[in-house]
Amino acid sequence: MAQVVMAIGAVIAAGATVKSMNEQKKAGRAQAAASNTQIQMQKTKATRERRQSIRANIAARARMRNQAQLTGVAGSSGAEGGTSSVSSQGGANLGFSSQMSGLGQQFTAFSGQAAQASSRASMFGSLANLGMQGLSFGASMQGGGSDTLGGATQSVSGPMASTNVRPPVRRG
């Protein structure tokens, strides 16, 4: 009877582990899709911000030229220098915005890779757990001594079967 219960438990554990692994794979794929979507959102936002910055730069230069004409200094070195300064500052802002967008995309990609690695690690942990359950089940099916692989105690078969022996603990 005990073997039947253990066999049923082992089958349930195996089935649950396989299901868990499948769900972890799905979670990894969903995380990758979420990361890709977030990267696309960042690209779209960066494009919009670049366009807004360019529009604002064009409008600022037009206002400066208009003001220079109204005050009669159009074409002077001061007016042209001011317009060039606005253009230069606009270019610097665009460069910074592009750099920050690229870094944000890298961060999102690395976060997605970390989540996928975590999902894979969890999946392999489940697989290892399944293997340990199989070892434990196999040991119990042999009917000899059982070895709890967690390491708390080991039972010994033979003349000293009633003696629990603690495994050596390594320090260091």
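Each of SER88, SER111 was scored by other Cβ atoms within 10 Å of its Cβ. Listed from fewest to most, they are SER88, SER111.
For the stretch 1-97, what log10 I(q)/I(0) values come out of the Debye formula at q = 0.12, 0.20, 0.25 1/Å, with one point per alpha carbon and no solvent? Scattering profile of the stretch 1-97, log10 relative to I(0): -0.65, -0.97, -1.14.
When the GluC sites (Glu not before Pro) in the stretch 15-107 are filtered for DSSP coil states and for at most 11 other beta-carbon atoms within 10 Å of their beta-carbon, no site remains. For the stretch 46-117 versus the stretch 1-38, the spacing of their alpha-carbon centroids is 50 Å.
Every number here is computed from the coordinates shown, using simple stated rules; none is lab data. All of these numbers come straight from a predicted model, not from anything done at the bench. All Cβ positions, even for glycine, are placed from backbone atoms using ideal geometry, and neighbour counts span all protein chains on display.
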